[in-house]
Amino acid sequence: MRPATRSICALAVLAGAQSLPALAGPASLPQTVAQDLHLSAIPRDAAEAARIAAVTAAPEDFSAPEPFEENSGGAATVRARANRDAFSQPSANLAFEDELRFKVGNGLFRKIWVSSPSSTKASDGLGPLYNARACQRCHLKDGRGHPPEGPEDSAVSIFLRVSVPAASDDTLAEEIEGWIADAPEPVYGRQMQDFALPGHAPEYRLAVSWTEEEVTLGGGETATLRRPDWRAEDLGYGPLAEDAMLSPRVAPQMLGLGLLEAIPAAEIIARADPEDADGDGISGRVQVAISSEYGVPMLGRFGLKAGAPTVRQQSADAFTGDIGISNPLHPGGWGECTEAQADCRTAPHGGDPGGVGGGLEVDAEGLDLVTFYSRNLAVPARRNAADSQVLRGKALFHAFACAACHTPKHVTARLEDRPEQSFQLIWPYTDLLLHDMGPGLADGRPEGRANGREWRTPPLWGIGLTEQVSGHSYFLHDGRARSLLEAVLWHGGEAEAARDAVAEADPEDRAALIAFLESL
């Protein structure tokens, strides 16, 4: 486990220190990455930093829950509902006058888009190539997507990312240490769309076959893992480039995004240990994302490889890539169609050029409403936090060093313009860093500073409600794991020691660990 001094060091730079930890070797992160969203945040003085360090320190007593542990999202936490709406509630501390903004944003998130031209001018502009007709179609009930469960099942909540290696003289590779240059696939771009409007061919059909592998566990038990073979079949625009790299991506759950965005960038950076200087076997690295909002490099937080720096950019990227909807960050009316797809580029698209939106299918106000909705999807309260088996599982979670990457607690920045997320003690169980997860989970496709074996530590809050909300218990980036235990057993690389400890544990201890995870 990491020494306690790490959290103290992290909090020492929360006030926007000018000297930043190195990415690797002598170079440091650009100052814009460290400042990130928090240029207007109220600085923390030494006394407050010390108090936060004490609050976020690892527990020593596992006989009872820690203070405020049930409130996973701080004051924004909501009561855990027993139905499928558990992830769809507004932040509990949302001001009354902002509830309408949340509801209107929800309406845009659920809107079914149609092709252009259409009499429904406010909803036209779909495609021409797309993965879904609404945000809600992938993030059903704001929950997690899933791989197709058979040949007749839709692949609407999973798609393939695609790219090719870029030239060695790529500008970003020269400017940002550790940046791995890649480029869009010449015909298919960076994301493959499996639906198309009439008159256009879908780019592909997602296919998968599974190979099952048995794993021996402690206490005479066994588990079965399924290894996927993902394929892009029925290609609509010719063969893929020979060096094309494909990566399946399941739509993640939506809750708590605004709180993750409010964690001070400097705190996340200070937790990074790219050379494993403390010798604990954990080498978390910082992702850098290029902001299409501000035109500067920023800390990557969102997406399975942390390729997006903000909730607003993540929302804008999804509008254009998933649905083919133009917006202020992606004004092209053709969505993700490439120059090689000429018919797609010249097809009719929505948006009124003379209207207030400037010809965009989602204007700035609409994008801001969806962003506000996404930021304020509340985290449900913990369940059974005081249960003896859950407490035993929590002790094992720390003893097995799971908490070395799945950092339990953070305190968000003081943000005058976002009171719902300001200065909250939250329990997301993530460090938002990149970690090598070994060959078993490798997709072989780099993204920014993440190589083909690295993934961002996913938050664990709400994970125990997955089946209730989404109707399944599929986990990991491509949904291969059919249970939380299978998800743990797929861990490798930096998490190999933790995985082996779980696999070798007594059945009672494994059950306790799973009970703890299910309580989150």
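The values are calculated or read from the model by the stated rules, or taken from the named source; none is laboratory data. These figures come from a predicted structure and were not determined experimentally. Here the Cβ is made from the backbone with ideal geometry for all residues, glycine too, and neighbour counts use every protein chain on show.
Tabulated data
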item	result
Flag if A183 is hydrophobic (A, V, I, L, M, F, W, C), free of Cβ contacts under 8 Å to residues at least 60 places away in the same chain, more than 24 Å from R375 (Cα to Cα) and surrounded by fewer than 17 Cβ atoms within 10 Å (Cβ to Cβ)	yes
Counted residues, region 180-205 - those being among the hydrophobic types (A, V, I, L, M, F, W, C), modelled with pLDDT under 95 and either assigned to a strand (DSSP E or B) or out of contact with any Asp or Glu (no Cβ under 6 Å at 6 or more places or on another chain) (or both)	2
So K394, is it modelled with pLDDT of 95 or more and over 18 Å from the mean Cα position of the chain (by Cα)	yes
Residue satisfying condition, being part of a loop (DSSP other than H, G, I, E, B), closer than 28 Å to N93 by Cα and of a type outside the set (D, E, K, R), within set A385, A277, A318, A340	A385
Top-ranked residue of region 283-297 - restricted to ones that are surrounded by fewer than 24 Cβ atoms within 10 Å (Cβ to Cβ) and either among the small types (G, A, S) or at pLDDT 95 or above (or both), ranked as farthest from the chain's Cα centre (by Cα)	G295
